[in-house]
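Asks: Here's a structure for you.
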Amino acid sequence: MHADFSGVSSRERAIEFGTKIHAWMERLAWLEDEEPSLPADDPELAKHVRACLENPSFRRLFRRPDRACGLLRETPFGVPAENGNWISGRFDRVHLFRSPDGTIERAEILDYKSDRFDAENPDARRLLAERHRPQMLLYRKAAASLFRIPEDRVSVLLILTRTGDVLKVL
């Protein structure tokens, strides 16, 4: 069903959209397993899902790798930080690349961002990546701790859900 946003602030609409696109992405495993269908009841959401599915960079990340790779989706985490605080959150998607003996060699974190940005501005994507960099540094630190791998073996990518663009942050 299509949501009625009359009387709702633009911030609330943005949060609602982010929630809906995250819910759609959460169901997506590997494209080889099932080509996803567009949301029939929400034209705005369908437009952005189509943009993702038509973007070659997006499609490449959602294809099963040639080597052993575990998949985590919408996975909560919590790990202690060096300063005695706690790092907690939820990974949108993590690819865990394994060696032939099954140990985790590296991890790839995909974080979905539904931020609006000026796609025509040559600096917009860089600025978006910089804005989210502090959060992604924490995610990388948490993943390295959880999966017992060095931080330099954890890459972090932003998936811009309005366009399907992929930005490497770390």
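Asks: What's the total number of residues in the stretch 90-107 that are open to solvent by 30 Å² or more (accessible area, probe 1.4 Å), touching a residue at least 24 places away in the same chain (Cβ under 8 Å) and in contact with a Phe, Trp or Tyr (Cβ under 8 Å, 6 or more places away or on another chain)?
Replies: So the answer is 3.
Asks: Just checking, does the stretch 68-79 include any residue being open to solvent by less than 20 Å² (accessible area, probe 1.4 Å) and within 13 Å of the chain's Cα centre (by Cα)?
Replies: no
Asks: Just wondering, is there one or more residues in the stretch 138-149 that are under 22 Å from Met25 (Cα atoms) and among the basic types (Lys, Arg)?
Replies: The answer is yes, given that some residue of the stretch 138-149 is under 22 Å from Met25 (Cα atoms) and among the basic types (Lys, Arg).
Asks: In the stretch 40-79, what residues are under 17 Å from Lys113 (Cα atoms) and among the aromatic types (Phe, Trp, Tyr)?
Replies: The answer is Phe58, Phe62.
Asks: Return a yes/no flag: does the stretch 67-75 have any residue that is among the basic types (Lys, Arg), in contact with a Lys or Arg (Cβ under 6 Å, 6 or more places away or on another chain) and in contact (Cβ under 8 Å) with a residue 24 or more places away in the chain. Break it down stepwise before answering.
Replies: Quick first cut of the stretch 67-75, residues among the basic types (Lys, Arg) only: 67, 73.
Checking the rest, the ones that are also in contact with a Lys or Arg (Cβ under 6 Å, 6 or more places away or on another chain) come to 73.
Keeping just the survivors that are in contact (Cβ under 8 Å) with a residue 24 or more places away in the chain gives 73.
Within the stretch 67-75, one or more residues are among the basic types (Lys, Arg), in contact with a Lys or Arg (Cβ under 6 Å, 6 or more places away or on another chain) and in contact (Cβ under 8 Å) with a residue 24 or more places away in the chain.
Asks: Right, next: Looking at the stretch 46-67, which of the residues that are of a type in the set (A, V, I, L, M, F, W, C) and in contact with a Phe, Trp or Tyr (Cβ under 7 Å, 6 or more places away or on another chain) is surrounded by the most Cβ atoms within 10 Å (Cβ to Cβ)?
Replies: Restricting to residues being of a type in the set (A, V, I, L, M, F, W, C) and in contact with a Phe, Trp or Tyr (Cβ under 7 Å, 6 or more places away or on another chain), the top hit is Cys52.
The values are calculated or read from the model by the stated rules, or taken from the named source; none is laboratory data. The structure displayed is predicted, hence computed values, not measured ones. Please note: Cβ atoms are built from the backbone with ideal geometry, for glycine as well, and neighbour counts cover all protein chains shown. When the accessible area is computed, the model is the full protein with side chains, heavy atoms only, and any ligands, DNA or RNA have been set aside. Shrake-Rupley method; radii C 1.70, N 1.55, O 1.52, S 1.80 Å.
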